[in-house]
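As structure tokens, the structure follows; a few thoughts come after it.
No lab work stands behind these numbers, since they all come straight from the coordinates. Just so we're clear, the structure is a prediction, and the values are computed from it rather than from any experiment. Because the Cβ atoms are built from the backbone with ideal geometry, glycine has one as well, and the counts that use them run over all protein chains shown.
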Amino acid sequence: MKKVLILMMLMMLGNIDITKGAKKVSWKVHTLFSVECQNYFDWQTVGLMNSYRKAKQPGPITRLLSCTDEEKKNYKGMHLAPTFEVPSMSRHPRTGDWYPAINKPAGVVHWLKHSKEAKNVDWVLILDADMIIRGPILPWELGAEKGRPVAAYYGYLKGCDNILAKLHTKHPDLCDKVGGLLAFHISDLRRFAPLWLSKTEEVREDKEHWATNITGDIYGKGWISEMYGYSFGAAEIGLRHKINDNLMIYPGYVPREGIEPVLLHYGLPFSVGNWSFNKLAHHEDGIVYECNRLFPEPPYPKEVLQLELDANQRRGLFISIECINTINEGLLLQHGVNGCPKPAWSKYLSFLKSKSFAELTKPKYVTPATLKMMDEEIIAAPVDRDDGKTHPKIHTVFSTECTTYFDWQTVGLMHSFRLSGQPGNITRLLSCNDEDLRKYKGHDLAPTHYVPSMNRHPLTGDCYLIGCDNELAKLHTSHPEACDKVGGVIIMHIDDLRKFAMLWLHKTEEVRADRAHYARNITGDIYESGWISEMYGYSFGAAEFETLFLEIFYLHIQMWMTTNGLKLKHTINSEILIYPGYVPALNVKYRVFHYGLRFSVGNWSFDKADWREVDMVNRCWSKFPDPPDSSTLDQANKENLRRDMLSIECAKTLNEALELHHKKKCPSADSILISKADENTEERETPKEIGNTNASIDSITNRVATNHSEELASVQKEELASVQKDEIPRSLRFWVVFLWAFSGFGFLVVIFLVYSGHSKRRTRIKHPSRRRRSLQSGFMESNGRDRHGRDVDL
């Protein structure tokens, strides 16, 4: 009896557990994906649907199908998946813009409004058609909550960090770089979807900010406007995501150890050994409707084992072949549904039907490591490439404006940044007014953060900050004794920079407004116009700063905490930066060249101010005059030799940077000037900026020394001469060939007319005598020879 009671209690407990489990899985999940009426999406649909069945994904799946009326007439794929038809917005009804990607948010909005299934669901999983599901994806298991959807990480959406987000959302700080896999509670999706659509329209119409360095779109054509519409729409209503970089992987990538991705996104080309696959190569492929045709078979698992010895790398290769094999298996099954004849036996078909393939593609389940969100991961400190020591994350920042003067300096700095092995990232702070930004061509020269333009003043050379020692410091800081004469390259802890930056700006405005103390003997400014107010704003702001601080001056040495209580004090090091033209200290390895002043080697010289109006970046193959060869230097004077070697290194690095830039942008070394068509267009658009090349060179030569003037002029003359030599023979060759062809054609026409005339005469002689007699009198009157001939015949 006791045993029976115990058994009944266990059953009751079991029922309770089952009830709890049933409650947990009683949530209804619905999977959506968006496509159009094209062969390209049909074979992707077949692959996704096959993976959906193999992975045992719970809940229904719906294809949101958007077709124009014309496309629908000829469409053959209505049977490929459970389908909900949505209006096509590929051609925008208001703007006429052709952008098929907008059908994704538009389709979701239509489904929410008109589908009966949308009224009976708790969670919605939104995928792309070019995906393979490897295992069940349950939003609540992934960590999704009401108000906190889960999404995959799209790190290339750099528009979340720059001017794009500031233009298109009131909350740019809430912009999440997400996409691909989207797991929503239905209530959040209903609130968010209309904004997804409207923000997509908004970003798509903002053509001025389509550039690659703003959006991350490699085509620079606004193709990923829908993705930004998603992120900006979510930011607008404060919808933050739990971001997971483990759930989804691109075939060709290697998963992290311990991670089991449950979704494959084959949006990029991938390869295994000599085999490769690129979805874009099959854009018009009607493979779904061509019986028993599959995509080229990848290597077999046994071959993959021989290709790669590393276990984790090999796992990445297995994921790649799993992706294409799942698509091919789906095609094979779909051909059978289409009524195709049974395919002939082959080794590959036998493999797709084998138990080993079924075992390799059985459902995968997420691991605890896979479910870890990005904000929960511990990021290890990066390692210094020089000494192997760990160091904090470093970010390098430099400020420029929208002018060609700063563009060639940017090219040089970016080239030296890559050569130096400087750790961390670099960002250009680009300040332009709206008019300059519209005309600016140098968006892609460096990673860029756009900042508001606060002035249009010219730049100065470097001056001694004597104001730290006189009345200027006493007027503008309560701690004049703490004023440091520093600038150029500054390294600061991020916490200190956040606290100090506003004071830097405020003090700059204060010094700039103090016109009574612009004099050279007070500021050291050779122009006496307050141009170096920003430099004093920095020094006075630092002296004023009241906090504990972490600070050093100049580039990367070492950071340590120093307590001063009231003032931000700098550790000054003079062995990091040097001006070319200065004599370097013995045995010092300088890290930074600051070519703010004119420097020379023998008769050769360089002054950056001379190149203020010359477009060195957009004029193909432009370069600065080459410095002398180091072998020609005087070896006797060691100090001058060290000085000149550094000057030559600086000039050569600038020219190397320009050459590499032109190799990427210019078709060949012959393209010294812009083509005439482009030149005419640019002259119409920005006549003041481009002007006449000779005029710009002349304006330069009026400001520089005689030897430098001649050198600049000779460079320009050589460039123009090479262009003329290149252009004149081409035009002559063209006209010679044209005249030759025309003469030949004319000769053939004359021959043809003469020959046809003789043929007609012969034809007339063969006419019947009756016709000849009737015409005899007319011919006799018009031609004496004919008359004589006819008399003979008679």
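Hey, what did segment 28-373 get for relative contact order, percent, Cα under 8 Å, at least 6 apart?
20 percent
Between their Cα atoms, which of Lys146/Lys364; Lys76/Lys279; Lys56/Lys116; Lys76/Lys113; Lys199/Lys439; Lys113/Lys170 are more than 31 Å away from each other? Walk me through the numbers on the way to the answer.
Values: Lys146/Lys364 26 Å; Lys76/Lys279 21 Å; Lys56/Lys116 23 Å; Lys76/Lys113 27 Å; Lys199/Lys439 25 Å; Lys113/Lys170 27 Å.
Checking Cα-Cα distances, every pair stays at or under 31 Å.
Restricting to segment 133-256, what percent of DSSP beta bridges are antiparallel, rounded to 5?
Beta bridges within segment 133-256, antiparallel portion: roughly 55 percent.
Contour minus end-to-end for His79 and His114, with contour as 0.36 nm per residue of separation and end-to-end as the Cα-Cα distance? Let's see the in-between values first.
Values: separation 35, 0.36 × 35 = 12.60 nm, distance 2.10 nm.
Full-extension gain reported as 10.5 nm.
Thr448's amide H: which non-local residues (gap 5+, or another chain) put their own amide H closer than 5 Å, with H modeled 1.01 Å from N in plane and none for Pro or chain starts?
Arg428
What's the extension gain from Lys353 to Gln635 if we count 0.36 nm per residue and subtract their Cα-Cα distance?
93.7 nm
Would you mind computing, in nm to one decimal, how far apart the modelled labels at Arg315 and Val583 are, each placed 7 Å from Cα along Cα→Cβ?
So the two model labels end up 6.3 nm from each other.
For Lys474 and Arg520, FRET efficiency with R0 = 25 Å and r from the beta-carbon atoms, rounded to 0.05?
With a Förster radius of 25 Å, E is 0.85.
Scan around Cys432 for amide H atoms under 5 Å from its own, H built in the peptide plane at 1.01 Å from N, and keep only partners 5 or more places away or cross-chain.
Val451, Ser453
As an exercise, use a Förster radius of 22 Å and the Cβ-Cβ distance of Glu649 and Asn573 to find the FRET efficiency, rounded to the nearest 0.05. Show your work: numbers first, answer last.
On the way: r = 21 Å, r/R0 = 0.95.
Step by step, r from the Cβ atoms, then E = 0.60.
Find how much the distance from Lys170 to Phe747 grows on full extension, using 0.36 nm per residue of separation minus their present alpha carbon separation; answer in nm with one decimal.
Values: separation 577, 0.36 × 577 = 207.72 nm, distance 7.53 nm.
Fully extending the segment from Lys170 to Phe747 adds 200.2 nm.
FRET efficiency for Glu257 and Glu435, Cβ-Cβ distance as r, R0 = 51 Å, nearest 0.05?
0.45
With a cut-off of at most 10 other beta carbons within 10 Å, and DSSP calling the residue loop, which chymotrypsin sites (Phe, Trp or Tyr not before Pro) in segment 314-357 qualify? Please list them. Each step should come with its number before you reach the end.
Details: sites: Phe318, Trp345, Tyr348, Phe351, Phe357; in loops: Trp345.
Filter output for segment 314-357: Trp345.
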